[in-house]
Amino acid sequence: MLNVVRSLAPVAGDTRGQLVVGQISLTNFRNYHDVRLNIAATPVVLTGANGSGKTNLLEAISLLVPGRGLRRAALRELQNQKSSEPWAIAVDLSTPYGALHIGTGSDPETGDGDRRIVHIDGKNVRGQNALAEHMAMAWITPDMDRVLAEGPSARRKLLDRLVYGFDPAHNGRVHRYEKALRERLRILREGPADAAWLKALEDEMAQTGVAIAAARRHMVQQLRTGIATTTSAFPRADLELKGLAEEALENQPALLVEDSLREALARTRGDDAQSGTCVCGPHRSDLVVIHRLKQCPADLCSTGEQKALLIALMLAHVRILTSIRQMPPIFLLDDIAAHLDDIRRASLFEELRTLGTQAWLTGTDTEPFASLLPHAQHGVVEFGQVIWL
Ligand SMILES: Nc1ncnc2c1ncn2[C@@H]1O[C@H](COP(=O)(O)OP(=O)(O)OP(=O)(O)O)[C@@H](O)[C@H]1O
Ligand SMILES: [Mg+2]
């Protein structure tokens, strides 16, 4: 899990312990030219027509944690098409551990838009993982609506993203595992197989694979706790993690599971060479989500029920993040009102207030947010500008 390095003591007298984006400036970012917004700790509701810039604003915030943001966009796409000046995002952040200024943007030195730089309190930091020391974030986007129905690969990616929210090193592990997996398959297909190189790749796959499986298992256990402590109207989900390594870790030490995976990979070389796929390893694992009350797998639930299950999972994730990081994460909920009935919407708003997270919610219409607006700040987005009501 993330080793949170804290150089600052918690601020005396700050009883809320909140993480708050107090000010955000966007320069040449997507359809924003030069915008500065002052924001309070309460939920932020952004409404506006299709294409006005609501998701773009949430995407900018999502770049304040390691990774490629909530759209997983290539860096070049972020550059405002009408400007050649580099894009930049600057944020004044208030945390339980003190105030912080974070800046990120396209590197003006390289000029090709393919590198992003990160500044924390005016100092250039190497890589993005330092952001995770100060920031915690979760998001739900319309792209995730079908994730529970789409199949093992999408659900696995969702789970890996949740792990990544706690532990930025997880991304590196998954990347190394997949690289070794591709290289092993290439050698098996193209031959002749170099035994020493194959063994080295399978060693890498066994080590990183078991670390990945262990992190996923830990995450699922945490999610179960998060789900058990919910009081909201969202459906309870039962979670099962299917996968040889994940299941073996239930009653075997990691080193033994590593050995088993290594042996299985060596044993299946011939089959893998023929089929062109790798039959064992955590790249085949699945997170099975079951609607507890209906005893129905999520992929057989209705669209609205799937969305509700997804929100329930994300709320559990936010609860766990809050308890581990000792501060509620920033929570981005893009186009959230779609598919939710009145009771679930009211329950979501209530839960967001209870969690004390600075939530950012978007939608085209104001009406679905009516019950939240007395406790929120409401901005209307128009052509890359935000007008506060
Ligand atoms: N790099 C860019 N430069 C300039 N404009 C861009 C860039 N990338 C996206 N846009 C434009 O930004 C606009 C706003 O997009 P965004 O996805 O934020 O809209 P939205 O308010 O979330 O709309 P919806 O309600 O449909 O989800 C779109 O018209 C899009 O074409
Ligand atoms: Mg949008």
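The values are calculated or read from the model by the stated rules, or taken from the named source; none is laboratory data. Since the structure is predicted, the reported quantities are computational estimates derived from the model, not experimental observations. Here the Cβ positions follow ideal geometry from the backbone for every residue, glycine too, while neighbour counts run over all protein chains shown.
Of all strands (runs of 3 or more DSSP E) completely enclosed by the stretch 279-389, which ones contain at least 1 residues that are away from ligand 2 (no atom under 16 Å from the Cβ) and surrounded by fewer than 22 Cβ atoms within 10 Å (Cβ to Cβ)? Spell out the reasoning first.
Numbers: elements: 286-291, 330-333, 359-363, 377-382, 385-388.
Correct list: 286-291, 377-382, 385-388.
Residues in the stretch 264-278 that are among the acidic types (Asp, Glu) and surrounded by fewer than 18 Cβ atoms within 10 Å (Cβ to Cβ): 1 in all.
Determine whether the stretch 182-198 contains at least one residue that is under 30 Å from MET137 (Cβ atoms), in contact (Cβ under 8 Å) with a residue 24 or more places away in the chain and either in the same structural domain as ARG345 (by TED's automatic domain parsing) or out of contact with any Asp or Glu (no Cβ under 8 Å at 6 or more places or on another chain) (or both). No - not one qualifying residue is present in the stretch 182-198. Scanning the stretch 82-124 for residues that are among the hydrophobic types (A, V, I, L, M, F, W, C) and within 21 Å of LEU19 (Cα to Cα) gives ILE89, ALA90, VAL91, LEU93, ALA99, LEU100, ILE102, VAL118, ILE120.
For the stretch 35-57, what are the residues that are among the hydroxyl-bearing types (Ser, Thr, Tyr) and assigned to a loop (DSSP other than H, G, I, E, B)? Steps first, please.
The first filter runs over the stretch 35-57 and keeps only residues among the hydroxyl-bearing types (Ser, Thr, Tyr), leaving 42, 47, 52, 55.
Once the filter is applied, which keeps residues that are among the hydroxyl-bearing types (Ser, Thr, Tyr) and assigned to a loop (DSSP other than H, G, I, E, B), the stretch 35-57 yields THR42, SER52.
For the stretch 81-104, a residue qualifies if it is farther than 16 Å from ILE117 by Cβ and within 10 Å of ligand 1 (Cβ to nearest atom), and the qualifying residues are GLN81, LYS82, SER83.
Listed by first and then second residue, the pairs with beta-carbon distance under 7 Å, at least 6 apart or on different chains, first residue in the stretch 367-389 and at positive phi, second assigned to a loop (DSSP other than H, G, I, E, B), are PHE383/SER52; GLY384/ASN31; GLY384/GLY53.
If you scan the stretch 355-367, which residues turn out to be within 14 Å of ligand 1 (Cβ to nearest atom) and under 25 Å from the mean Cα position of the chain (by Cα)?
Applying the first criterion (within 14 Å of ligand 1 (Cβ to nearest atom)) to the stretch 355-367 yields 360-366.
Once the filter is applied, which keeps residues that are within 14 Å of ligand 1 (Cβ to nearest atom) and under 25 Å from the mean Cα position of the chain (by Cα), the stretch 355-367 yields TRP360, LEU361, THR362, GLY363, THR364.
Among the residues of the stretch 144-169, just one is β-branched (Val, Ile, Thr) and over 22 Å from ASN129 (Cα atoms), namely VAL147. It is to be established whether one or more residues within the stretch 253-272 are at pLDDT 95 or above, among the polar types (S, T, N, Q) and either farther than 30 Å from ALA346 by Cα or not assigned by TED's automatic domain parsing to the domain that holds ARG345 (or both). The answer is yes; a qualifying residue exists.
Given the structure, is LEU64 away from ligand 1 (no atom under 16 Å from the Cβ) and part of a strand (DSSP E or B)? Even if it seems obvious, please write down each step before you answer.
Numbers: away from ligand 1 (no atom under 16 Å from the Cβ): yes; part of a strand (DSSP E or B): no.
Against the criterion (away from ligand 1 (no atom under 16 Å from the Cβ) and part of a strand (DSSP E or B)), LEU64 does not qualify.
Does any residue of the stretch 32-53 turn out to be buried (at least 21 other Cβ atoms within 10 Å of the Cβ), within 16 Å of ligand 2 (Cβ to nearest atom) and either at positive phi or among the basic types (Lys, Arg) (or both)? Taking every residue of the stretch 32-53 in turn, at least one turns out to be buried (at least 21 other Cβ atoms within 10 Å of the Cβ), within 16 Å of ligand 2 (Cβ to nearest atom) and either at positive phi or among the basic types (Lys, Arg) (or both). Of all the criteria given as (1) over 26 Å from the mean Cα position of the chain (by Cα); (2) without any contact (Cβ under 8 Å) to a residue 24 or more places away in the chain; (3) surrounded by 13 or more Cβ atoms within 10 Å (Cβ to Cβ), the one not satisfied by LEU261 is (2).
Residues in the stretch 69-80: is at least one within 9 Å of ligand 1 (Cβ to nearest atom), part of a loop (DSSP other than H, G, I, E, B) and farther than 23 Å from MET144 by Cα? Can you show your working first?
Let us first name the residues in the stretch 69-80 that are within 9 Å of ligand 1 (Cβ to nearest atom), namely 71, 73, 76-80.
Next cut, part of a loop (DSSP other than H, G, I, E, B) only: 71, 73, 80.
Now restrict to residues that are farther than 23 Å from MET144 by Cα: 80.
There is at least one residue in the stretch 69-80 that is within 9 Å of ligand 1 (Cβ to nearest atom), part of a loop (DSSP other than H, G, I, E, B) and farther than 23 Å from MET144 by Cα.
Of the residues in the stretch 280-296, none is within 30 Å of GLU204 (Cα to Cα), over 20 Å from the mean Cα position of the chain (by Cα) and among the β-branched types (Val, Ile, Thr).
Are there any helices (runs of 4 or more DSSP H) wholly within the stretch 115-229 with 3 or more residues that are in contact with a helix residue (DSSP H, G or I) (Cβ under 9 Å, 6 or more places away or on another chain) and within 20 Å of GLY243 (Cα to Cα), and if so which? Where helices (runs of 4 or more DSSP H) fall fully within the stretch 115-229 and carry at least 3 residues being in contact with a helix residue (DSSP H, G or I) (Cβ under 9 Å, 6 or more places away or on another chain) and within 20 Å of GLY243 (Cα to Cα), they are 152-166, 169-190, 195-228.
Suppose the filter is in contact with a Ser or Thr (Cβ under 7 Å, 6 or more places away or on another chain) and more than 16 Å from ligand 2 (Cβ to nearest atom); does PRO86 pass it? Can you show your working first?
Details: in contact with a Ser or Thr (Cβ under 7 Å, 6 or more places away or on another chain): yes; more than 16 Å from ligand 2 (Cβ to nearest atom): yes.
Considered against the rule, which asks whether it is in contact with a Ser or Thr (Cβ under 7 Å, 6 or more places away or on another chain) and more than 16 Å from ligand 2 (Cβ to nearest atom), PRO86 comes out as yes.
The residues of the stretch 296-316 include none that are without any contact (Cβ under 8 Å) to a residue 24 or more places away in the chain and within 14 Å of LEU158 (Cα to Cα).
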